[in-house]
Amino acid sequence: MHKLMEFKTWLFRFLKYAWLRPRAWSDDTINGRNVVVVGSAPVSAKPFDFDESYLVISVNASQIVAKGWGVEKPDITLMMFHQIEGKYKNAQEVRRVLNGESTGSLYLLLWRHDLLRLKAGLTRINYGYDRLSIVDRFSRVALVRATTGKLNFEISPESKYSNGVIAVMLALQSGAKRVVIAGINPASTGHIYNAENLHRKHSGPDLEALKQMQQAGLPVYTADAAVADATGLPLWKPEIAGS
């Protein structure tokens, strides 16, 4: 029965995707920039050459990491819909950390309600933004297809890519000169902003995607040595930068 329900969901999303023919999600402000995508893994390293020339993309509450580097406001933030109204502990912690913070472009992923409700929720958690956009599932699917060649309809949590890896795909699709990831580790558990030590459901797809990027020779690097060992991504260091 469970497999049948999954197939019906897949078929519905496939037909809707074929009907919509969505364009891959992109952001023109990224084109030609050096990008650092900051995740919330418990251990992360700042790129050795980090300065104001980098465009900073954060995910959910990971801007707390960049704030430790002196970044008061990320250029772009990707946030999942349930962070706004979710009742579980991780969402509550995200809202606590983001209280009083702000970002440049805020992309709210898979929000199912109207814009007024979203704006009210952001006001309630005291989170500011310069620009606000809602990204639906099919724009994400088109982005994944454009960068990996795969159709992933996000049928189960274990089949989805994390929003950190989605942010890497967004940077590549938008023409980033290079992308350095920090605090995105498929093998890790937990988040730097809470002590819940939650399991990462996206480890398999994330690891596969990062290895595929490395094998394709895409300009994706990691600032974290453990991630370089696990994925094969080049460790961003002076010898690489100067080559």
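The values are calculated or read from the model by the stated rules, or taken from the named source; none is laboratory data. Source: prediction; values computed, not measured. Glycine gets a Cβ as well: all are built from the backbone with ideal geometry, and neighbour counts include every protein chain shown. Ligands, DNA and RNA are excluded from the accessible area calculation, which covers all protein heavy atoms including side chains. Shrake-Rupley method; radii C 1.70, N 1.55, O 1.52, S 1.80 Å.
Tell me, which longest segment in the chain has none of the GluC sites (Glu not before Pro) that fall in DSSP loops with at most 12 further Cβ atoms within 10 Å?
After excluding every exposed loop site, the longest remaining stretch is 73-243.
Probe 1.4 Å, all protein chains in place: accessible area of residue 136 in Å², nearest 10?
Near enough 80 Å² of accessible area.
With every protein chain kept in place and ligands, DNA and RNA left out, what is the accessible area per residue of the chain? Probe 1.4 Å, answer in Å².
Per-residue value: 48 Å².
Holding the Cα-Cα limit at 22 Å, pick out from 8/160; 150/211; 3/211 the pairs that are longer than that.
Check vs 22 Å cut-off fails for 3/211.
Excluding same-chain residues fewer than 8 positions from residue 46, which lysines have a Cα within less than 21 Å of its Cα?
The qualifying lysines are 67, 73, 177, 237.
Scan the chain and report its longest stretch carrying no trypsin sites (Lys or Arg not before Pro) that are both in a DSSP loop and have at most 11 other Cβ atoms within 10 Å. Mind dumping the intermediate values first?
On the way: sites that count: 23, 87, 112.
The longest uninterrupted stretch comes out as 113-243.
Subtract the Cα-Cα distance of residue 240 and residue 113 from 0.36 nm times their separation in residues, and report this length gain in nm to one decimal. Spell out each step's value before the answer.
Values: separation 127, 0.36 × 127 = 45.72 nm, distance 4.52 nm.
This chain segment gains 41.2 nm when fully extended.
Sort out the exposed loop chymotrypsin sites (Phe, Trp or Tyr not before Pro) in the chain (DSSP loop, at most 13 other Cβ within 10 Å) and tell me the longest stretch that has none.
Excluding the exposed sites themselves, the longest stretch runs over 89-243.
Go ahead and set up a Gaussian network model of the chain, Cα springs under 10 Å, then flag whichever of 164, 217, 183 fluctuates most.
Greatest mean-square fluctuation among the candidates belongs to 217.
7 Å from Cα along Cα→Cβ at both residue 72 and residue 92: what's the point-to-point distance in nm?
Simple spin-label model gives 3.2 nm for this pair.
Using a probe of 1.4 angstrom, how much of the accessible area of the chain is carbon and sulfur, in percent?
On the chain, the fraction of accessible area on carbon and sulfur atoms equals 52 percent.
Considering the chain as a Gaussian network with a 10 Å cut-off on Cα pairs, which listed residue, 168, 97, 220, attains the greatest mean-square fluctuation?
Result for the chain, Cα springs under 10 Å: 97 fluctuates most.
Residue 155 to residue 136: extension gain in nm, 0.36 nm per residue of separation minus the Cα-Cα distance?
Working it through step by step, the gained length comes to 5.4 nm.
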